[in-house]
Amino acid sequence: MIKISLLGCGNISRFIANAIDRGIIKCKLVKVFDENQAAIENFNKDISVTVPIADNIEELVKDSDLVVEAASQGAVKEYATKILSSGKNLMIMSVGALADDTLFREMKKIAKKKKLKIYIPSGAIVGLDGVNAAKLVNIDSVEITTRKNPKTLGVDVKEETVLYEGPALGGVKKFPKSVNVAATLGLAGVGLERTNIRVIADPNIDRNIHEIRVKGEFGEFKTITENVPSPQNPKTSWLAALSAIATLKKMCDVVQFGT
Ligand SMILES: NC(=O)c1ccc[n+]([C@@H]2O[C@H](COP(=O)([O-])OP(=O)(O)OC[C@H]3O[C@@H](n4cnc5c(N)ncnc54)[C@H](O)[C@@H]3O)[C@@H](O)[C@H]2O)c1
């Protein structure tokens, strides 16, 4: 049974802990860590067993096989290389942090040397299976249009407004909490410089909508994901939390579907 530690006790981690608690994922939750005491207290209220709290990152990683980061880009920058250097596999949700090429290269170098895995779930988008296959031949273009309510994007506009259009690299830096999906798509496919993103604030919607278009030698595909926001954190799509759970479940399941 895989032993998991959770870095961050917020929305996504609570979903994961519940899934473990209910036996949906056959993993053991060994420890959690959060810089915010209130988040830790809320976390333990949600599940039937009390999970030990780590006081620092060294304690968090100690007895686990895999650390799941569901905290912040800052946490990835601060802890990702430490976690890998201590010989633990790592799952990353705050994928925007990996737009820092130096950091990501270092992480991959350590993982390769120590024979570890870095897992990056699809998160709130659909279509990475297609990208993974399509990139084995030439890809001409990858585009993503992300449409969210202005409140979710932290802006106040009264009509549909394009807030950013250009390479995903710039979009990830401008909206670090809202466009993790563009980072995932970019890193999985043709890179953040060649992946084009449009971020649109739309006061008429209450869902986080991502439209992806990929064209290449294989042909082309388009996916549209209309996400219901998580009840506890509207910035996070429910599908993102479910995707984290599905990634963990896939590690434990005998049969694996999809590319
Ligand atoms: N990949 C995706 O598609 C996707 C989708 C949604 C959210 N996310 C990202 O996943 C992460 C978690 O999302 P969430 O909804 O659970 O957020 P959340 O705000 O509900 O919870 C994050 C928790 O992490 C803690 N935290 C933050 N930085 C920390 C640090 N340096 N050390 C220790 N604890 C720290 C916070 O105190 C908080 O309790 C966020 O970065 C979010 O942007 C990714």
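The numbers here are math on the coordinates, done by the rules we state, and not lab data. What you see is a predicted model, and the numbers here were worked out from it, not measured in a lab. Reconstructed Cβ throughout: ideal geometry from the backbone, glycine too, with neighbour counts over all protein chains shown.
Where both residues lie in the stretch 128-232, what percent of DSSP beta bridges are antiparallel, nearest 5? Don't skip to the answer; put the middle values down first.
Values: 23 of 30 bridges.
Of all bridge pairs located within the stretch 128-232, approximately 75 percent are antiparallel.
Once both labels are modelled 7 Å past Cα along the beta-carbon direction, what's the E35-E59 spacing in nm?
That separation, rounded to one decimal, is 1.7 nm.
I need the semi-axes of the equivalent ellipsoid of the stretch 128-232: take the C-alpha gyration tensor, multiply each eigenvalue by 5, square-root it, list largest first in whole angstrom. Each step should come with its number before you reach the end.
Working: eigenvalues 128, 37, 27 Å².
Equivalent ellipsoid of the stretch 128-232: 25, 14, 12 Å, largest first.
Going through the stretch 131-182, which GluC sites (Glu not before Pro) have at most 12 other Cβ atoms within 10 Å and a DSSP loop state? Spell out each step's value before the answer.
On the way: sites: E143, E159, E160, E165; in loops: E159, E160.
Sparse-neighbourhood loop GluC sites (Glu not before Pro): E159.
Quick check for me: using +1 on Lys/Arg Cβ and -1 on Asp/Glu Cβ, what's the dipole size of the stretch 128-232 about its Cα centre, in debye to the nearest 20?
Details: 14 positive and 14 negative charges, 60 e Å.
That gives a dipole near 280 debye.
Name the long-range amide H neighbours of L29: under 5 Å, sequence gap of 5 or more, or other chain; modelled H, no Pro or chain starts.
I4
Please give the peptides 33-42, 72-81 ranked by average Cβ packing (other Cβ atoms within 10 Å per residue), highest first, as a rough proxy for protection.
Details: 33-42: 15.4, 72-81: 18.7.
The packing order, highest mean first, is 72-81, 33-42.
May I ask you to order 239-248, 149-158 by the average number of other C-beta atoms within 10 Å around their residues, highest value first?
Numbers: 239-248: 21.9, 149-158: 15.2.
By packing density, highest mean first, the sequence is 239-248, 149-158.
Using alpha carbons only, how many degrees (0 to 90, rounded to 10) separate the axis of helix 11-21 from the longest principal axis of the chain?
Approximately 50 degrees, to the nearest 10.
Using alpha-carbon positions, what is the distance between the centroids of the stretch 42-61 and the stretch 146-210, in Å?
33 Å
Cβ neighbours within 10 Å, averaged per peptide: list 221-229, 60-68 in order, most packed at the top.
Details: 221-229: 15.7, 60-68: 21.6.
Listed from highest to lowest mean packing, they are 60-68, 221-229.
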